[in-house]
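Beneath this line is the structure, given in C-alpha cells, with notes to follow.
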Amino acid sequence: MSDLPSPRELLIALHADRRLTRPQVGRLAGKVIGWARGRQAAATPNTPAALPGMSAVPDLSVLPDLSAEPDLSAGPGLSAVPGLSALPGLSALPGLSAVPTLTELLGQLVQMAACGESLAAPVPPPAWSTPTGAVAAAAAEIAAAAGAGARVITLLDPDYPVLLAGMAQPPPVLTVRGRLPAGPAVAIVGARHADGYGLEAAAHFARCLAAAGVAVVSGMAHGVDAAAHQGALAMPYGRTVAVLGCGVGFDYPRAHARLAAAITDRGALVSQFPCDAGPRTWRFPVRNRTIAGLSAVTLVVQATPRSGALDTARHAGGLGRRVLAVPGSVFAALSWGPHGLLRRGALLAGHPQDVLDALSTWNATRADAAAVAGRDANIVAAVAGRDADTVAVAGREADAMVVAGREAAAVAGREADAVAGRDADAVAAADLGERSAPVAGAGGPVLAALRPRAAHSAEQIAASTGLAPGTVLAALLELEIEGRVQRLHGNAWRLASARRRAAARAAARAP
C-alpha cells in the first residue's frame, strides 16, 4: 500500500469523516477533484496523467464542479449537460497555474473544514489530514463496505452512474451492494401509507416497465416504494435499485430484510452515506435527490402535499428529467400530491405506455445534447493543444458527432416504438386482426386462449394452455404493453377492443 493517497482515496476518506456536514464534504470533494484535474493537465499537455486510482478516467474536465452550489430552481437547458459550458479562454486552460503538492492540498482541506461551519470536534485533527491517515481512513471505509457485501464507487471511477454524475453536486462517493443495472431507469415513488389502489398501481407500472427492460428505482420504504420494488422483481428479468436513507451496513427498515436481499440479487442497494450511518430524518430528503438523479423519468403514485415523493419530483424537474403522476380519486387526500403535479405541468400516467413514451422522448433529446457536448469537448481539447491541424480535425469530428447524435435519436425513437409494440409491422398486423399477427414465446398460446368479448383470469389461461401461472402473467403484461389485451379490475384479462386499438394507434401517431 502506498503512503500517498490517490484522489480516489481522499474522496473516500472525506466521505467517511462523520464530523463533516454534507455541504462540507461537497466543498472539500470539489477541491480534491479540482486538484486532480490540475495534476492530470500539468503532467502532459496531450496525455492524461497516470494518477493512482484515475487510470480509467478519460477526461476529468467534464466532471461537474462540486464546489458550486446547486441551482434546482432553473428549468432544464443545455447548460445542465456536462461539457456545454462556455468555452474557456486561453488563460483558463488547465495546466497554466501552479498545482499544489499533496501536503499543501491537505492543509487547504483542513482550513476549509475549519472555516465557517467548524468540525464538531476540532481536536484532534481529522484522520485524513496526513497522507498516511487519509490512506488508512479510506482503507477502513472500503473494508467496512466489503464486510457488508458492498463496494465503494467514487466520482473518479468509470462505473459511477452517468446520469448521477451529470447533475450539480452529485454524491462524491456511493456504496453499492449488488450490481447497478445498465440501461434506462424510472423512479416510482409515493406515499408510505398508500391504499390498495396505490399499491396495485405502483406494482402494475413496475411490472410493465420491468417487462420492457426498464430498471425501477425507489427508496425501499413501506407503501409505494416496496410495491414498486416487488412489482419489478415479479418479472423474470426485472431489475430494481433501492436508494437508502442510511448506510448499507444498517438494516432499515428491518421488515424489509428479505426484500433487500432480493433487490441485491437482481439489482442494487445504493447509499451515499458511510456504511455504519443509521437512518436520520435529514438523510431521507438527501436520498430523494439521488433517486431523481439516477432516473430519467420519475413517476409519483399517491402522495400527500407534504410527501417526500413530491420532493423527489421537484428534484427531477430541476434536473430536466420527465415527471409523471398517476391520477386518483378526488375524494382521497393521497391524490392531492399527484393532482397538484398535474396542475403544474407534470405528464399524466394513465398507462405504462405513457411512461415509456416519456422515456423515449427524453432519450432522443439527450442524444442530441450529448453530440453537442462531445463537439465542445473536442474544440476545447484542440484549443488547449494550440494545433491548427488538431483544430481542423476537431471541427470535422464535431460535425460527425452532431450527425451521430441525430442518428442516435432516431435509433432511440425506433427502439422505443419497438418496445412499445408500435412499429409499422405490428400496427399493420393489428389492422388485419390480433390473431393474424405472429407472437413469439408464450404470448401466442396465451393470445389464442382468449375468447372475444370474454374475461379470463390468469389461472384459467394457465389451465387451458398448460403454462405456469408466472409465465402466463408475464406474457399477459407484454401483450398489454403491445396493446393486444386489456386488463380489467382484479386479475381478469380480455382481448383489446378494436376501438381501443385504434385509439392507441392514433395516440402513437400524434406528435
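Of Gly213, Gly267, Gly249, all but one fail to be small (Gly, Ala, Ser), over 17 Å from Pro181 (Cα atoms) and touching a residue at least 40 places away in the same chain (Cβ under 8 Å); the exception is Gly249. Cβ separations smaller than 6 Å between residues 6+ apart or across chains give the following pairs from segment 314-326 residues that are under 15 Å from Val217 (Cα atoms) to residues that are part of a strand (DSSP E or B) and open to solvent by less than 10 Å² (accessible area, probe 1.4 Å): Ala316/Thr298; Arg322/Val297; Val323/Thr298; Leu324/Leu299. So which residues in segment 88-147 are closer than 19 Å to Ala16 by Cβ, modelled with pLDDT under 80 and in a helix (DSSP H, G or I), if there are any at all? The one that is closer than 19 Å to Ala16 by Cβ, modelled with pLDDT under 80 and in a helix (DSSP H, G or I): Ala114. Is it the case that Leu477 is touching a helix residue (DSSP H, G or I) at 6+ places or on another chain (Cβ under 6 Å), assigned to a helix (DSSP H, G or I), within 17 Å of Ala203 (Cα to Cα) and open to solvent by 30 Å² or more (accessible area, probe 1.4 Å)? No, not satisfied. Residues that are surrounded by fewer than 19 Cβ atoms within 10 Å (Cβ to Cβ), over 21 Å from Gly147 (Cβ atoms), of a type in the set (Val, Ile, Thr) and without any contact (Cβ under 8 Å) to a residue 40 or more places away in the chain occur at least once in segment 270-284. There is at least one residue in segment 327-334 that is open to solvent by 10 Å² or more (accessible area, probe 1.4 Å) and within 20 Å of Leu359 (Cβ to Cβ). Looking only at segment 13-72, residues that are of a type in the set (D, E, K, R), modelled with pLDDT under 55 and touching a Pro at 6+ places or on another chain (Cβ under 9 Å) come to 2 in all. Among the residues of segment 169-178, is there at least one that is in a helix (DSSP H, G or I) and either open to solvent by 30 Å² or more (accessible area, probe 1.4 Å) or among the hydrophobic types (A, V, I, L, M, F, W, C) (or both)? No, segment 169-178 contains no residue that is in a helix (DSSP H, G or I) and either open to solvent by 30 Å² or more (accessible area, probe 1.4 Å) or among the hydrophobic types (A, V, I, L, M, F, W, C) (or both). So, in segment 179-199, of the ones that are in contact (Cβ under 8 Å) with a residue 40 or more places away in the chain and not in a loop (DSSP other than H, G, I, E, B), which residue ends up most open to solvent (accessible area, probe 1.4 Å)? Out of the qualifying residues, it is Tyr197. Can you pull out the residues in segment 274-289 that are basic (Lys, Arg) and assigned to a helix (DSSP H, G or I)? If the condition is that a residue be basic (Lys, Arg) and assigned to a helix (DSSP H, G or I), then Arg283, Arg287, Arg289 are the ones that fit.
The values are calculated or read from the model by the stated rules, or taken from the named source; none is laboratory data. Because the structure is predicted, anything quoted here is derived from the model rather than measured. Cβ: placed from backbone, ideal geometry, glycine included. Neighbour counts: every protein chain shown. Heavy atoms of the whole protein, side chains included, go into the accessibility calculation; ligands, DNA and RNA do not. Shrake-Rupley method; radii C 1.70, N 1.55, O 1.52, S 1.80 Å.
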